[in-house]
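Heads up: the structure comes next, in structure tokens.
The values are calculated or read from the model by the stated rules, or taken from the named source; none is laboratory data. Model, not experiment: these values are computed from the prediction. Using ideal geometry, Cβ is built from the backbone for each residue, glycine included, and neighbour counts are taken over all protein chains shown. Note: accessible area is taken over every heavy atom of the protein model, side chains too, but ligands, DNA and RNA are not part of it. Shrake-Rupley method; radii C 1.70, N 1.55, O 1.52, S 1.80 Å.
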Amino acid sequence: MNDESPIIIITGASSGIGKAVALKLAESKPKIVIVARRQKELMKTAHAVKRKGAKVLPIIGDVRNREDRERVVNLTMKAFGQIDVLINNAGLGKANLFIDQPDEEIDELIETNILALIKLTHRVLPIMKEQGKGHIINLSSTLALLPSYPFAVYCATKAAVKTFSDCIREEVKEYGIKISTVYPGPYDTNFGKVAGYGKSGFQGYDVQGLAEHIAKLVSKPKDNLIKPWFFVPLVWVTIFSKRLKRKIITGIADTIIKAKRETDLTIMLEEKKQEEIELLAR
Ligand SMILES: NC(=O)c1ccc[n+]([C@@H]2O[C@H](COP(=O)([O-])OP(=O)(O)OC[C@H]3O[C@@H](n4cnc5c(N)ncnc54)[C@H](OP(=O)(O)O)[C@@H]3O)[C@@H](O)[C@H]2O)c1
């Protein structure tokens, strides 16, 4: 059973923020359960966490799948006997104008970013209530606070994460359960590649700094974490200035649309090059 080191579940730990947080947390030797679909990448995280001296249980699974979510909870309880922290980090974005967005993308965004997060939280909360303590950390986005196209559905899912977290925070605090929401700005992870603008020159902030702040949340829970810091005054100012808000939103949209165009062009050129190589090889 538990020997005082916290038991932490991190979804989406095969790359990016989830992986960086797992590695940062590993330094204080907790027991970490990591979840993602890509086996090879998840095992790389598991080995790196283990090398830092923490106990790790990697679970290959899709958070959208009910049986996989059950497996995560049941295996964690079987291995470690309790769940102290759940970091709902698994998620993705798709940069597309809403009018052109394929139906499957809308489904994937809603099912991963919000439905799976709500259902995993719903499964874990009774365990935390029974324990008399627990902490859930939900990954939203600064795009929930400054919603911008071509990310309409993504922004809607992250705004839902914000609202959901704000609601349950009040509901569950009497059971000793804390709810934190993290609002990252643009960080350099696999996000851009998955969203469809990753082959452009667009570069986000280094994820290590963010991982340190999220890891600190585990020992010192707080309601909201917005990073990088300058998004805090930016969000405040835009509450009072609609003009500035519109300027920022169109600025984000222009940057992402340009990055997506560059990526589409790079992919097209790569495919053409491949076709030519295949033709020459015949
Ligand atoms: N990077 C940013 O700029 C940024 C900004 C704001 C918010 N966020 C949020 O931060 C979180 C982490 O994103 P990231 O930037 O670290 O991107 P990332 O490098 O692409 O990581 C996303 C992680 O989520 C996992 N994942 C996605 N769908 C999954 C599914 N159905 N089942 C299980 N795991 C799944 C991925 O693993 P597999 O593919 O192996 O399953 C991966 O480990 C997301 O919720 C994202 O919306 C990121």
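Values as computed for the structure displayed
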{"read-out": "Residue 41 vs. criteria surrounded by fewer than 23 Cβ atoms within 10 Å (Cβ to Cβ) and at positive phi", "value": "no"}
{"read-out": "Lone unmet requirement of (1) surrounded by 17 or more Cβ atoms within 10 Å (Cβ to Cβ); (2) within 19 Å of residue 147 (Cα to Cα); (3) away from the ligand (no atom under 15 Å from the Cβ) for residue 97", "value": "(1)"}
{"read-out": "Subset of the range 165-187 (residues that are over 19 Å from residue 215 (Cα atoms) and hydroxyl-bearing (Ser, Thr, Tyr))", "value": "175"}
{"read-out": "Qualifying residues in the range 101-140 (those that are of a type in the set (Ser, Thr, Tyr) and open to solvent by less than 10 Å² (accessible area, probe 1.4 Å)) - the one nearest to residue 248 (Cα to Cα)", "value": "140"}
{"read-out": "Of the criteria (1) away from the ligand (no atom under 14 Å from the Cβ); (2) in contact with a Gly (Cβ under 7 Å, 6 or more places away or on another chain), which one residue 212 fails", "value": "(2)"}
{"read-out": "Within the range 180-282, helices (runs of 4 or more DSSP H) holding 3 or more residues that are farther than 16 Å from residue 154 by Cβ and open to solvent by less than 100 Å² (accessible area, probe 1.4 Å)", "value": "207-219, 231-240, 242-281"}
{"read-out": "Yes/no for residue 182 being of a type outside the set (S, T, N, Q), more than 20 Å from residue 260 (Cα to Cα) and within 12 Å of the ligand (Cβ to nearest atom)", "value": "yes"}
{"read-out": "In the range 69-100, the residues that are within 23 Å of residue 252 (Cβ to Cβ) and in contact with a Pro (Cβ under 7 Å, 6 or more places away or on another chain)", "value": "95, 96, 97"}
{"read-out": "Lone qualifier among 146, 75, 92, 86 - being within 16 Å of the ligand (Cβ to nearest atom), over 26 Å from residue 196 (Cα atoms), not basic (Lys, Arg) and not in a helix (DSSP H, G or I)", "value": "86"}
{"read-out": "Long-range neighbours under 9 Å by Cβ, at least six apart or interchain, first residue assigned to a loop (DSSP other than H, G, I, E, B) within the range 95-107, second aromatic (Phe, Trp, Tyr) and surrounded by 13 or more Cβ atoms within 10 Å (Cβ to Cβ)", "value": "95/151; 95/154; 95/197; 96/151; 97/149"}
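Condition check ((1) on the phi > 0 side of the Ramachandran plot; (2) near the ligand (Cβ under 10 Å from one of its atoms); (3) at pLDDT 95 or above; (4) open to solvent by less than 10 Å² (accessible area, probe 1.4 Å)) across all residues:
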{"site": "13", "(1), (2), (3), (4)": "no, yes, yes, yes"}
{"site": "21", "(1), (2), (3), (4)": "no, yes, yes, yes"}
{"site": "24", "(1), (2), (3), (4)": "no, no, yes, no"}
{"site": "32", "(1), (2), (3), (4)": "no, no, yes, yes"}
{"site": "48", "(1), (2), (3), (4)": "no, no, yes, no"}
{"site": "60", "(1), (2), (3), (4)": "no, yes, yes, no"}
